[in-house]
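The values are calculated or read from the model by the stated rules, or taken from the named source; none is laboratory data. Just so we're clear, the structure is a prediction, and the values are computed from it rather than from any experiment. Here the Cβ positions follow ideal geometry from the backbone for every residue, glycine too, while neighbour counts run over all protein chains shown.
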């Protein structure tokens, strides 16, 4: 009977959370846009042919270097029925200029995968460190906070650039560089949430019942830290996409064949002054749209964990 009541109570909580979230129309719009990006990434990964995407891991076929003989006498085409987002200057012999829509669809898959990888790994590592250091306290807490101070003392973009050159200028190494930068943010956030939780009455009751440190940290404190962290994750995914695209835009990735939104915007930057505005507006607008979507979604999740909205 108690199990049935617990299950019903859990179901009612989920039902209330869904009602609060879907009452926020802008959050729902953000969720829809986010799901479209996720759907694009999945299709391009699993069955790229369904949407007409070829060689999803490269701007051009791997056997070709970047060439554009077909585009020397053929300017990039503006948006049209055949090319909704127009074409860009790079081309393949015999195929002409590349379709911007296809390039963006490829790039979404890479940017989304990298941003989720960076934020989820950084959040997992940082939150655990923050919870443990705040609960144990003393020298461990002091040492961990001084380490995070070192990371916060250097601007994120500068530190990301330095780590990228130390680790190697590849997409994967850029992701690891961003993880190294990102975990201190969640360590601080997890620590602050733990400090406000560990003095709660139910924690004192757990101590009185004989629960050990590990059980208290990961059974009683950690579940209460996770919801606010999930909200922060939803907000940071868009930020990481922007930072990653910025690093690619300024040329940190030396391989120009990698389809990435920042790299595509960099290609378009040389063409925009010539009147081919879509070559930079489309990838730049895609980054902005994604960041806006996850921020709107994050606002909805914040409403879900706000006790005043759940009353």
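Structure data summary
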item	result
Unique match (being touching a strand residue (DSSP E or B) at 6+ places or on another chain (Cβ under 8 Å), in a helix (DSSP H, G or I), under 22 Å from residue 272 (Cβ atoms) and modelled with pLDDT under 90) among 70, 89, 77	70
Options 108, 43, 114: the member that is assigned to a helix (DSSP H, G or I), modelled with pLDDT of 85 or more and farther than 30 Å from residue 151 by Cα	43
Leading residue by the ranking (surrounded by the most Cβ atoms within 10 Å (Cβ to Cβ)) among those in region 135-169 that are touching a residue at least 40 places away in the same chain (Cβ under 8 Å) and closer than 30 Å to residue 40 by Cβ	160
Helices (runs of 4 or more DSSP H) within region 220-311 that include 3 or more residues surrounded by fewer than 15 Cβ atoms within 10 Å (Cβ to Cβ), at pLDDT below 85 and in contact with a strand residue (DSSP E or B) (Cβ under 8 Å, 6 or more places away or on another chain)	none
One residue from 118, 132 being in contact (Cβ under 8 Å) with a residue 60 or more places away in the chain, closer than 17 Å to residue 239 by Cβ and crowded, with 18+ Cβ neighbours inside 10 Å	118
